[in-house]
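Colleague: I'd like to ask some things about the structure below.
The values are calculated or read from the model by the stated rules, or taken from the named source; none is laboratory data. Note that the structure is predicted; figures quoted are calculated from it, not measured. Reconstructed Cβ throughout: ideal geometry from the backbone, glycine too, with neighbour counts over all protein chains shown. Areas reflect the complete protein model, heavy atoms only, side chains present, ligands, DNA and RNA absent. Shrake-Rupley method; radii C 1.70, N 1.55, O 1.52, S 1.80 Å.
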Amino acid sequence: MTVRKLEGTHTRLLQKIKESLDRLNDKMEVIIELQKHSSEANVEIPDVLDVMTLLSLPDHLRKTAITICKFEQATAEEVAEQTKRARAVESSYLNQLVMMGYLKKERRGRKAYFFVDKDGGNKTWQKS
Amino acid sequence: MAKIIAIHSYKGGTGKTLLSLNLAALYANRGKNVCLFDLDFRAPSLQSILKAKSTEYWINDYLNGVCDIKKILVDVSKTYAKRGSLLVGFANPSTEAIREMSAKDRKWEMKALGRLLSLKNSLLNDMHFDYIIFDTSPGLQYSSINAIVSADLVLVVSGMDISDIKGTQRMIDELYDLFEKKTGLLMNKVFANFLTTKGHRQELAKKLVNNSSLPLVDMVPCFCDILRSGGTVVFSNENPDHPFVKILDRVATTIDTL
């Protein structure tokens with residue numbers, strides 16, 4: 001293979017690499033844009049446990065969520081006393097609400113307390 | 001038994017405010033301690049009806065977290081209650097306040113729900129009120145749904161208009177039932193000819209009950225005297241022998257059994 005032919009092969013290879021990098025760049029830009037919009041959407045529709053959210057929850061979770069709203073904060077046992085359902089069932093529903101971002105959970109000693117995160121970090125309802 | 005009653009309707013102009021105020025006055029005249037709240041932030045009216053002076057704090061301020069509930073309560077017992085007590089929480093009727101309330105975000109509404117829910121402790125348990133009555137805004141909006149969620153019982157008022165009845169039915173199925181609220185239906189401004197005889201009343205009641213799953217609390221005919229008063233009269237006090245007051249007395253008794 002002559003030197004000229006070798007240079008030609010390298011040039012074509014570099015060209016292909018450049019084209020691949022350009023395509024990758026295009027895709028990266030789309031992903032970045034999508035992520036940007038998705039985070040904006042999260043800002044507009046925060047995970048807030050308001051009445052519209054309560055309405056949209058399935059019946060079994062709504063009952064648990066309303067009980068927490070009434071109590072300000074409660075353990076699974078306290079919620080179960082109100083809803084007349086088993087403690088283990090309420091514990092599962094409360095943890096689901098935590099995973100959905102509507103409730104916060106805090107362990108104090110041996111008890112786990114669930115509460116509505118009103119101020120994004122402020123742990124309890126503001127007392128009147 | 002102490003309870004929180006939300007008076008709600010699908011459409012506006014069904015008579016919620018008149019019923020709320022007269023029901024509150026009626027309970028007070030029975031010797032009960034009553035607290036009435038104007039939660040219709042888009043069209044506050046109780047202050048005008050009761051000709052009350054402007055207050056330093058409004059229910060808006062309580063919900064904004066600016067003040068304690070005691071600061072906003074205005075005692076109108078001397079003028080409007082013969083035996084018990086009647087305290088009112090007025091909504092701020094200024095255009096600026098109405099605009100501000102209509103621009104609240106979801107997080108604020110969530111906190112407002114918490115503050116309304118806490119009234120059960122502060123007013124019923126600590127201050128020993130017997131009844132809290134919420135005069136709500138019509139339809140499905142934040143302030144009215146917050147009131148419904150916070151109440152023990154919803155008295156839904158409907159006129160005879162087909163759109164009102166259908167809308168009320170939808171609210172029963174898609175709102176009150178979801179929140180598992182005790183609910184009573186009060187038909188208001190019913191064409192008087194429909195209620196002239198016992199047979200007529202039973203026929204209409206049967207038709208309404210068949211169309212809705214709610215317990216029909218009562219049917220109130222359209223009274224020209226009420227229209228003539230121009231919304232300036234607490235009927236329970238000024239016309240104790242009026243048929244409207246007698247029906248409302250029956251309604252108050254039925255509510256206690258719900």
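Colleague: Using only the alpha-carbon atoms, what does chain B span along each of its principal axes? Please give whole angstrom values in decreasing order.
Modeller: Between the extreme Cα coordinates on each principal axis of chain B lie 54, 39, 35 Å.
Colleague: Sorted by mean Cβ packing within 10 Å, highest first, what order do the peptides A:56-62, A:2-8, B:55-61, B:173-179 take?
Modeller: For the peptides A:56-62, A:2-8, B:55-61, B:173-179, the packing ranking is B:55-61, B:173-179, A:56-62, A:2-8.
Colleague: While we're on this one: For B:N33, which sequence-distant residues (separation of 5 or more, or a different chain) have an amide H within less than 5 Å of its own amide H, given hydrogens modelled in the peptide plane?
Modeller: B:S85, B:D130, B:Y131
Colleague: Based on DSSP H runs of at least 4 residues, each adding -39500 (n - 2.57), what is the mean residue ellipticity at 222 nm of the protein assembly as shown after dividing by all its residues, to the nearest 500 deg cm²/dmol?
Modeller: On the way: 18 runs with 191 residues, N = 386.
Calculated at 222 nm, the ellipticity per residue is -15000 deg cm²/dmol.
Colleague: On to the next question. Looking at the square roots a ≥ b ≥ c of the eigenvalues of the Cα gyration tensor of region B:181-258, which shape do they give, rounded for a/c under 1.5, prolate if a/b is larger than b/c, or oblate?
Modeller: Details: a/c = 2.10, a/b = 1.39, b/c = 1.51.
It is oblate, given that a/c is not under 1.5 and a/b is not larger than b/c.
Colleague: Sorted by average packing, counted as other Cβ atoms within 10 angstrom per residue and highest first, what order do A:65-71, B:223-229 take? Each step should come with its number before you reach the end.
Modeller: Details: A:65-71: 21.3, B:223-229: 13.0.
Most protected by this proxy first, the peptides run A:65-71, B:223-229.
Colleague: On to the next question. Which shape class applies to region B:129-258: rounded if a/c is under 1.5, otherwise prolate when a/b exceeds b/c and oblate if not, where a ≥ b ≥ c are the square roots of the Cα gyration tensor eigenvalues? It would help to have the intermediate numbers written out before the result.
Modeller: On the way: a/c = 1.64, a/b = 1.21, b/c = 1.36.
The shape class here is oblate.
Colleague: Classify the protein assembly as shown as rounded, prolate or oblate, taking a ≥ b ≥ c as the square roots of the eigenvalues of its Cα gyration tensor: rounded when a/c is under 1.5, otherwise prolate if a/b is larger than b/c and oblate if not. Could the numbers behind the result be given before it?
Modeller: On the way: a/c = 2.42, a/b = 2.14, b/c = 1.13.
In terms of gyration-tensor shape, prolate.
Colleague: Which entries of A:K111/B:K107; A:K118/B:K70; A:K63/B:K111; B:K53/B:K246; B:K70/B:K111 show an alpha-carbon separation above 21 angstrom in the structure shown? Don't skip to the end; give the middle numbers.
Modeller: On the way: A:K111/B:K107 28 Å; A:K118/B:K70 23 Å; A:K63/B:K111 19 Å; B:K53/B:K246 30 Å; B:K70/B:K111 18 Å.
From the list (A:K111/B:K107; A:K118/B:K70; A:K63/B:K111; B:K53/B:K246; B:K70/B:K111), the Cα-Cα distance tops 21 Å for A:K111/B:K107; A:K118/B:K70; B:K53/B:K246.
Colleague: Further question on the same structure: Using a 10 Å cut-off around each Cβ of peptide B:20-31, what is the average number of partner chain Cβ atoms that fall inside? Mind showing how you got there, number by number?
Modeller: Numbers: counts 0, 0, 0, 0, 0, 0, 0, 0, 0, 0, 0, 0.
Rounded to a whole number, the mean comes out at 0.
Colleague: While we're on this one: How many square angstrom of accessible surface are buried between B and A, both sides summed, with a 1.4 Å probe and rounding to 100? Kindly include the intermediate steps, with their values, before the conclusion.
Modeller: Working: alone 12260 and 9910 Å², together 20090 Å².
Interface between B and A: roughly 2100 Å².
Colleague: Which of the peptides B:92-104, B:65-77, B:157-169 is most tightly packed, and how do the rest follow, judged by the mean count of other Cβ atoms within 10 Å per residue?
Modeller: Details: B:92-104: 13.9, B:65-77: 16.3, B:157-169: 18.2.
Going by the mean number of other Cβ atoms within 10 Å, highest first, we get B:157-169, B:65-77, B:92-104.
Colleague: Another question about this same structure. Quick one: accessible area per residue over chain B, 1.4 Å probe, rounded to a whole number of Å²?
Modeller: Details: 11230 Å² over 258 residues.
Accessible surface, normalised per residue, equals 44 Å².
Colleague: With the dipole of the protein assembly as shown worked out from charges on the C-beta (+1 for Lys and Arg, -1 for Asp and Glu) around the Cα centre, which of B:L123, A:L97, B:T79 lies farthest toward the positive end?
Modeller: Result: A:L97, furthest along the dipole toward the positive end.
Colleague: Would you kindly derive the ³J(HN,Hα) couplings of region B:14-28 from the backbone phi angles with the Karplus curve 6.51 cos²θ - 1.76 cosθ + 1.60 (θ = phi - 60°), listing them in order in whole Hz, with x for Gly and Pro?
Modeller: My calculation for region B:14-28 gives 7, x, 4, 5, 4, 5, 4, 5, 5, 5, 4, 5, 5, 5, 4 Hz in order.
Colleague: Follow-up. Size of the dipole of region A:51-116 about the Cα centre, Lys and Arg at +1 and Asp and Glu at -1 on the beta carbon, nothing else charged, in debye to 20?
Modeller: Numbers: 12 positive and 7 negative charges, 35 e Å.
The dipole of region A:51-116 has a size of about 160 debye.
Colleague: About the Cα centre of chain B, what is the dipole size in debye to 20, counting +1 per Lys and Arg Cβ and -1 per Asp and Glu Cβ, all else neutral? Could the numbers behind the result be given before it?
Modeller: Values: 32 positive and 27 negative charges, 57 e Å.
The dipole of chain B has a size of about 280 debye.
Colleague: Once you average over the residues of B:104-111, how many Cβ atoms of partner chains fall within 10 Å of each Cβ?
Modeller: Numbers: counts 0, 3, 10, 7, 2, 4, 14, 7.
Partner Cβ neighbours, averaged per residue: 6.
Colleague: Next up: Quick check for me: using +1 on Lys/Arg Cβ and -1 on Asp/Glu Cβ, what's the dipole size of the protein assembly as shown about its Cα centre, in debye to the nearest 20? Show your work: numbers first, answer last.
Modeller: On the way: 55 positive and 46 negative charges, 121 e Å.
For the protein assembly as shown, the charge dipole is close to 580 debye.
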